[in-house]
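Student: Before I ask anything, here is the structure I am working with.
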Amino acid sequence: MPTAAPPLITVVIPAYNAEKTLLETLQSVSNQSYDKLEILVVDDGSRDGTFALASDYSLIDRRVRVLRQANGGVARARNYGIGEARGVYVAPVDADDIWHPEKIERQFQALAKFPDGQGVAYNWYAAIDENGVIFGHSRPVLHEGNIFEPLLRENFIGNGSTPLMPRAEVLRCGGYDASLRDSGAEGCEDLKLYLALAESLPFALVRDFLTGYRFTRGNMSSNAYRMLKSHALVMAPIIERYPHLRRDIHTAKFHTTHWYFSKALTNRDYAQLKKLAPLMALQYGPQLIFHSLQQSFRLAKRHGARIARQILRKPSARSKTHFAGAAFPEAGTPFSDRFMPFGGLLSPISSRMDDNE
């Protein structure tokens, strides 16, 4: 019995003034082991060499098509690409993020467990700096199937460069909400779409750190207030539809606010601290006190355990290097080191000249 041909998958790359990082992103997409790809670069009104770079690259990899629009933000750029896509699935990736070569193939295989492949696949990510060097990673959760409520409590997908989604379902949900940007609340478009998809579709997890999610210096807390406004706007209609989840959503909002506050404190971003401190005190006073006491107890418990080990002369517990069969990303190493042992980067020039239509 003949097996069905693998479907075309459309990669959508929104790009605004991305000439410094776009080439690395394009190479990581071209080098995917799943090669039946359509690659759409959507230039969002860039003022640098982004459009020329993408156009030149399309001569190397004929699967690449370059689109252009007046500057309208990342949500509109993604929606434009999804509207032009011919693939059964769409996989967005921002123009400064990178993928492991097996990312799309392993996600597509993970969707095989669902009838007709109707679901969304995601994976964990490694946090990388301006130079592509790992400095952290996402918390490796194991949520699969119906992930709507866990996703309300924590955006464990964490970025816009990770999911593989059925194009028809994305369109049914209305795509990414560009009105958030118009309201000065850009930031949670990804989460809003994932929640809309999770209300009706199962999610599959690929248990590995396959996305390199780039944090540029200063961006971890510089948009904190805008992100929190975005989160509040996204959650308001969900609270109306699911009032029994109100407490979980408010807890998630507190943890989100606390995360940005902690990052602003670490980065000594005093402008953000001036905005966030009153918010923390007025809206989350009791939770903040409880959280501080909880953290103090944990620190005291760890300190006591260290003292006990020293008295008993027991060796310190080794830090874990693997979880659920996947190796944790090693801080201080390039993201590319995670796949270079498999034979190094492929050349996008070789074997990538055919159109996959």
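The values are calculated or read from the model by the stated rules, or taken from the named source; none is laboratory data. All values derive from a computational prediction rather than experimental measurement. Positions of Cβ are backbone-derived with ideal geometry, glycine not excepted, and every protein chain shown enters the neighbour counts.
Student: Is there a residue being under 18 Å from the mean Cα position of the chain (by Cα) and in contact (Cβ under 8 Å) with a residue 12 or more places away in the chain anywhere in the stretch 235-250?
Tutor: No, the stretch 235-250 contains no residue that is under 18 Å from the mean Cα position of the chain (by Cα) and in contact (Cβ under 8 Å) with a residue 12 or more places away in the chain.
Student: Related question: Suppose we keep only residues that are buried (at least 21 other Cβ atoms within 10 Å of the Cβ) and among the hydrophobic types (A, V, I, L, M, F, W, C) within the stretch 63-84. Which one would you say is farthest from Thr162 (Cα to Cα)?
Tutor: Val64
Student: Please verify whether Gly187 is among the small types (Gly, Ala, Ser), in contact with a strand residue (DSSP E or B) (Cβ under 7 Å, 6 or more places away or on another chain), in the same structural domain as Ala331 (by TED's automatic domain parsing) and in contact (Cβ under 8 Å) with a residue 24 or more places away in the chain, treating the condition exactly as stated.
Tutor: No; evaluated as a whole, the condition is false for this residue.
Student: For the stretch 6-40, enumerate the residues that are assigned to a strand (DSSP E or B) and in contact (Cβ under 8 Å) with a residue 40 or more places away in the chain.
Tutor: Ile9, Thr10, Val11, Val12, Ile13, Pro14, Ala15, Leu37, Glu38, Leu40
Student: If I go through the stretch 145-171 residue by residue, how many of them are closer than 27 Å to Leu8 by Cβ and assigned to a helix (DSSP H, G or I)?
Tutor: Of the residues in the stretch 145-171, 5 are closer than 27 Å to Leu8 by Cβ and assigned to a helix (DSSP H, G or I).
Student: Tell me, yes or no, whether the stretch 124-138 has at least one residue that is more than 18 Å from Gln32 (Cα to Cα), of a type in the set (D, E, K, R) and touching a Phe, Trp or Tyr at 6+ places or on another chain (Cβ under 6 Å).
Tutor: Yes: the stretch 124-138 contains one or more residues that are more than 18 Å from Gln32 (Cα to Cα), of a type in the set (D, E, K, R) and touching a Phe, Trp or Tyr at 6+ places or on another chain (Cβ under 6 Å).
Student: So, one more: Say whether the condition of being assigned to a helix (DSSP H, G or I), among the polar types (S, T, N, Q), buried (at least 16 other Cβ atoms within 10 Å of the Cβ) and touching a Phe, Trp or Tyr at 6+ places or on another chain (Cβ under 6 Å) is met by at least one residue in the stretch 49-60.
Tutor: no
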